[in-house]
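The values are calculated or read from the model by the stated rules, or taken from the named source; none is laboratory data. On a predicted model such as this, the values are computed, not experimentally measured, just so you know. Here the Cβ positions follow ideal geometry from the backbone for every residue, glycine too, while neighbour counts run over all protein chains shown. Heavy atoms of the whole protein, side chains included, go into the accessibility calculation; ligands, DNA and RNA do not. Shrake-Rupley method; radii C 1.70, N 1.55, O 1.52, S 1.80 Å.
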Amino acid sequence: MKIKYNLLQKENNTNARLGTIETNYGTYETPMFMPVGTKATVKSLSNEELKECNSGIILSNTYHLWLRPGEDIIAKCGGLHKFMNWSGPILTDSGGFQVFSLAKNKEKDITEEGVHFKSHIDGSKLFLTPEKSIEIQNKLDSDIAMSFDECPPFPVSYDYMKKSVERTLRWAARGKKVHNNPNQALFGIVQGGEFTDLREYSCKETVKMDFDGYSIGGTSVGEDKPTMYKMVEDGVRYLPEDKVRYLMGVGDPIDIIEGVIRGIDIFDCVLPTRIARHGQAFTRYGKINFNNAKFKEDLTPVDEECDCYTCKNYTKAYIRHLITTGEMLGGRLLSIHNIRFLIKLTEELREAIKNNNILEYREKFIEKYERNNK
């Protein structure tokens, strides 16, 4: 079956929503944070460790899997779930973000038909179209596929954004036309930058195509926080209540809280594992860096309020030793912690919605989280 979203409760004072997503691999509560497994693996972690973090849906990347090992090989192996031995739902992004970052001449390389770019592996010339992106995702057999959209940088002119939105809509229609996996949901993507009227236009026209869910694109691309939050507000205003709302590429704890308050259901980001590999961790009292000498003799866990494997078994002193000596276990342990931290955050947000006190939760969380920055 395709996924099904059920709206269970709306918070009284905000647009925050409590829901469930029914999948072929079980039913999962939202709001939810989804770890990113770009190349069919969440960097350095086993599937068992991800399950222990209470992960639900995870992501993989269409562009990277297209290049290596190739969608046909994954299909021959029984699809992405069997290939990577993941017994939960998978969302594949369209590859658009990676492709547009590789397209050097935006005016020349981005055409109506698709995008010309060079492989980051060997520099070979590649061409990706909306149809090809969907064809790859059909073969990967993920539970959720994403439409191929243009990912404009920030800032751009109104005229550029308008043309980009119109092209994204045409691409969405082309992708939807060739989508043929009956067990795979297809999400549309809302663009429009910081322009309220373009966000409205993109929303309404994308909803007319009747996708299985909707994503807010074009955020976290260099804009300030107030602009980002306004983009989210403009992006969800005209979306249906009976479909999933997905904010792409957002993994900062405060941004997740602000997104939930504005009506977002699911989030993803490489941030928790990326900063872990550089020796950084989320805590209730802000981000900490284990390269700091003050942790050399600190025998407390990363976060005393955390229930993850790392915090139950290891001290800051030991993790700092691993990080400063270049031992890969350090990044692994912090990746486990950071992913569990964000998943636990969304679990707490669900409770706050149930109790209609999410604004109070935000106030208390931010007061603690920003304490070290004052």
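Computed from Cα atoms, the angle from the helix 158-178 axis to the main principal axis of the chain rounds to 80 degrees. Once a ≥ b ≥ c are taken as the square roots of the eigenvalues of the Cα gyration tensor of the stretch 111-238, is the result rounded (a/c under 1.5), prolate (a/b larger than b/c) or oblate (a/b not larger than b/c)? Oblate is the answer for the stretch 111-238, as a/c is 1.5 or above yet b/c matches or exceeds a/b.
Taking all protein chains as they are arranged and a probe of 1.4 Å, the heavy atoms of Phe117 leave approximately 10 Å² accessible to solvent.
Separation of the stretch 143-191 from the stretch 286-314 is 41 Å, based on Cα centroids.
Per residue, what accessible area does the stretch 187-341 have, given a 1.4 Å probe and all protein chains present, in Å²?
Values: 5900 Å² over 155 residues.
It amounts to 38 Å² per residue over the stretch 187-341.
Under a Gaussian network description of the chain, with springs only between Cα atoms under 10 Å, the residue in Val190, Val244, Val115 that fluctuates furthest is Val115.
If you take the beta carbon distance between Lys106 and Arg170 as r and set R0 to 25 Å, what does 1/(1 + (r/R0)^6) give as a FRET efficiency, to the nearest 0.05? In this case the efficiency is close to 0.90.
The mean sequence separation of alpha-carbon pairs under 8 Å and at least six residues apart, normalised by the residue count of the stretch 137-180, gives a relative contact order of 48 percent. Measuring from each cysteine beta-carbon in the chain, the ones with no other cysteine beta-carbon under 4.7 angstrom are Cys53, Cys77, Cys151, Cys203, Cys269, Cys308.
Taking the C-alpha atoms only, the angle from helix 130-140 to the longest principal axis of the chain is near 50 degrees. Compared with the alpha-carbon gap, the fully stretched path from Tyr158 to Glu363 is longer by 70.3 nm at 0.36 nm per residue. Geometric descriptor of the chain, per residue, is 138 Å³ (volume of the convex hull of the Cα atoms).
Here is the link list: Lys43/Lys287; Lys39/Lys364; Lys118/Lys177; Lys132/Lys287. Which ones come out longer than 31 Å on Cα distance? The pairs that break the limit, which is 31 Å between Cα atoms, are Lys39/Lys364; Lys132/Lys287. Beta bridges from DSSP with both residues in the chain: antiparallel share about 45 percent, rounded to the nearest 5. Gap in Å between the Cα centre of the stretch 198-271 and the Cα centre of the stretch 1-59? Result: 16 Å between the Cα centres. Given a 1.4 Å probe and every protein chain left where it sits, what share in percent of the accessible area of the chain is carbon and sulfur? Solvent-exposed carbon and sulfur of the chain make up 49 percent of the total. Of the trypsin sites (Lys or Arg not before Pro) found in the stretch 54-129, the ones in coil according to DSSP and having at most 11 other Cβ atoms within 10 Å of their Cβ are Lys104.
With a cut-off of 12 Å between beta carbons, the residues surrounding Glu258 carry a summed charge of +1, where Lys and Arg count +1 and Asp and Glu -1. Each DSSP beta bridge with both residues in the stretch 1-153 is either parallel or antiparallel, and the antiparallel ones are about 70%.
Taking only Cα atoms, what is the 0 to 90° angle, nearest 10, from helix 225-236's long axis to the longest principal axis of the chain? Helix 225-236 sits at roughly 50 degrees to that axis. With a Förster radius of 30 Å applied to the beta-carbon distance between Ser87 and Gln9, the computed FRET efficiency rounds to 0.60.
Entry comment: accessible area of the stretch 33-148 is 41 Å² per residue, from protein heavy atoms only and a probe of 1.4 Å. Between Thr38 and Lys43, the built amide H atoms are under 5 Å apart, and every one of these is 5 or more places off in sequence or on another chain.
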